[in-house]
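We did not get these values from a lab; they are worked out from the coordinates using the rules stated. None of these values were measured; they are calculated from a predicted model. Methodologically, a virtual Cβ is constructed for each residue, glycine included, from the backbone with ideal geometry; neighbour enumeration extends over all protein chains shown.
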Amino acid sequence: MRIDKFLNSVNITKRRSISQDMIENGVVLINDAVAKASKNVAVGDIITINYLNFTKKYKILQIPQSKSTPKSLQEEYVKEIS
């Protein structure tokens, strides 16, 4: 699954367009490398998002099969590690 779709599917961002803007501005990293929107994610990858005042890291636990998942199930797909 593409990184922009993944961020939206697991409710890290509200809309895919926001994910794409964040990726274009270089604030999303996968395994410490700047991500491109077309980059596919895999189980075990570490996603880092550099916000203005803080940084969040997520470990991918599994890839969702549907376009969207309930926010209550977010913990099944990603684990915040910082």
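Points to keep in mind about this one:
- Residue match in the stretch 30-41 (condition: of a type in the set (Ser, Thr, Tyr) and touching a residue at least 60 places away in the same chain (Cβ under 8 Å)): no
- Selection over the stretch 45-69 of residues that are under 18 Å from residue 5 (Cβ atoms), free of Cβ contacts under 8 Å to residues at least 40 places away in the same chain and assigned to a loop (DSSP other than H, G, I, E, B) gives a count of 4.
- Every pair of residues 6+ apart whose Cβ atoms lie under 6 Å, when the first sits in the stretch 8-19 and is touching a residue at least 60 places away in the same chain (Cβ under 8 Å) while the second is among the hydrophobic types (A, V, I, L, M, F, W, C): 10/78
- For the stretch 2-41, the set of residues classified as among the charged types (D, E, K, R) and touching an Asp or Glu at 6+ places or on another chain (Cβ under 6 Å) consists of 16 only.
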